[in-house]
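K.L.:
Okay, here's the structure, questions in a sec.
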Amino acid sequence: MEKDNKKEKSATPRIATDKKDMEILKLLQQNARITIKEISGKVHLSTTPVYERIKRMEDNGVITQYATLVDHSKVNKGLMVICYVSLKQHSKNAGVKFIKTIHELNEVVECFSISGEFDFMLKVLCEDMNTYYNFHVNKLSQIENMGHVQSIFVMGIIKQTHQVVH
């Protein structure tokens, strides 16, 4: 199941989850390929209630997507760069155009709207410094309304997790 992650995230009301839901989520975060039967045994419920709980959490947007996490360095994307970006104009239309363009750039794997000196923080994966330079000069810097870009090169990853439920 894959939902459209390109939609702008907005503040939504908290969906009611109980202890069993949280146990199920924890197991799915650890291994999205775990079977309903395996989950049932671990949370002490039969398969039908487990299936119904997972389906409800998918329908309510608690579970947004199932994914395969890839070691970027093993697929020729060895350079990770954090880019802080500020726009020249801060109108809603300018922001929407920027966001639309960012969705089209495959090198950008994450984009956050942030507060402070910069407007956005991008996580960019490239093959090497030459491909990043090409991306920066020929793509990122060419975006309409681009103000300032500050590139921070990641030297090593200390902690990287996608687990929200513990």
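The values are calculated or read from the model by the stated rules, or taken from the named source; none is laboratory data. Remember, predicted model here, so these are calculated numbers, not experimental data. Cβ: placed from backbone, ideal geometry, glycine included. Neighbour counts: every protein chain shown.
K.L.:
Only one residue in F98, F118 is outside the structural domain of L25 (by TED's automatic domain parsing) and not in a helix (DSSP H, G or I), so which one is that? Show your work before the answer.
P.N.:
Numbers: F98 fails: not in a helix (DSSP H, G or I).
One residue alone meets the criteria, F118.
K.L.:
Kindly establish whether G116 is surrounded by fewer than 15 Cβ atoms within 10 Å (Cβ to Cβ), without any contact (Cβ under 8 Å) to a residue 12 or more places away in the chain and farther than 27 Å from L28 by Cβ. Walk me through how you get there before you give the answer.
P.N.:
Working: surrounded by fewer than 15 Cβ atoms within 10 Å (Cβ to Cβ): yes; without any contact (Cβ under 8 Å) to a residue 12 or more places away in the chain: yes; farther than 27 Å from L28 by Cβ: yes.
The answer is yes for G116.
K.L.:
While we're here: Counting just the residues of the stretch 126-146 that are charged (D, E, K, R) and modelled with pLDDT of 95 or more, which one comes out nearest to T101 (Cα to Cα)?
P.N.:
Within the stretch 126-146, the subset charged (D, E, K, R) is 127-128, 139, 144.
From what's left, modelled with pLDDT of 95 or more: 127-128, 139.
Numbers: E127: 21, D128: 22, K139: 10 Å.
Step by step, filter the stretch 126-146, then rank; the result is K139.
K.L.:
Right, next: In the stretch 87-95, is there at least one residue being closer than 30 Å to D18 by Cα and either at pLDDT 95 or above or assigned to a strand (DSSP E or B) (or both)? Talk me through it step by step, then tell me what you get.
P.N.:
Of all residues in the stretch 87-95, those closer than 30 Å to D18 by Cα come to none.
Scanning the stretch 87-95, I find no residue that is closer than 30 Å to D18 by Cα and either at pLDDT 95 or above or assigned to a strand (DSSP E or B) (or both), so the answer is no.
K.L.:
Let me ask something else about it. In the stretch 32-62, how many residues are farther than 18 Å from R14 by Cβ and within 21 Å of the chain's Cα centre (by Cα)? Explain how you work it out, then say what you get.
P.N.:
Let us first name the residues in the stretch 32-62 that are farther than 18 Å from R14 by Cβ, namely 32-52, 54-55.
Subsequent filtering for residues that are within 21 Å of the chain's Cα centre (by Cα) retains 32-33, 54.
Total meeting the criteria: 3.
K.L.:
Filter the stretch 1-59 for residues that are surrounded by fewer than 16 Cβ atoms within 10 Å (Cβ to Cβ), over 30 Å from E104 (Cα atoms) and acidic (D, E); which is modelled with the lowest pLDDT?
P.N.:
D18
K.L.:
Can you run down the residue pairs with Cβ atoms below 6 Å, 6 or more apart or on separate chains, where the first is in the stretch 23-43 and more than 17 Å from Y66 (Cα to Cα) and the partner is acidic (D, E) and part of a helix (DSSP H, G or I)?
P.N.:
Listed pairs, sorted by first residue: V43/E23.
K.L.:
Could you pull out the residue among V108, V81 that is surrounded by 13 or more Cβ atoms within 10 Å (Cβ to Cβ) and in contact (Cβ under 8 Å) with a residue 40 or more places away in the chain? Before you say what the answer is, go through the steps one by one.
P.N.:
On the way: V108 fails: in contact (Cβ under 8 Å) with a residue 40 or more places away in the chain.
When all the criteria are applied, what remains is V81.
K.L.:
Please tell me if T161 is surrounded by 13 or more Cβ atoms within 10 Å (Cβ to Cβ), more than 16 Å from Y84 (Cβ to Cβ) and not aromatic (F, W, Y). Before you say what the answer is, go through the steps one by one.
P.N.:
Details: surrounded by 13 or more Cβ atoms within 10 Å (Cβ to Cβ): no; more than 16 Å from Y84 (Cβ to Cβ): yes; not aromatic (F, W, Y): yes.
When the stated conditions are applied, T161 does not pass them.
K.L.:
Residues of the stretch 125-166 being out of contact with any Cys (no Cβ under 6 Å at 6 or more places or on another chain) and part of a strand (DSSP E or B), which ones?
P.N.:
Hits for the stretch 125-166 are L125, C126, M146, G147, H148, Q150, I152, F153.
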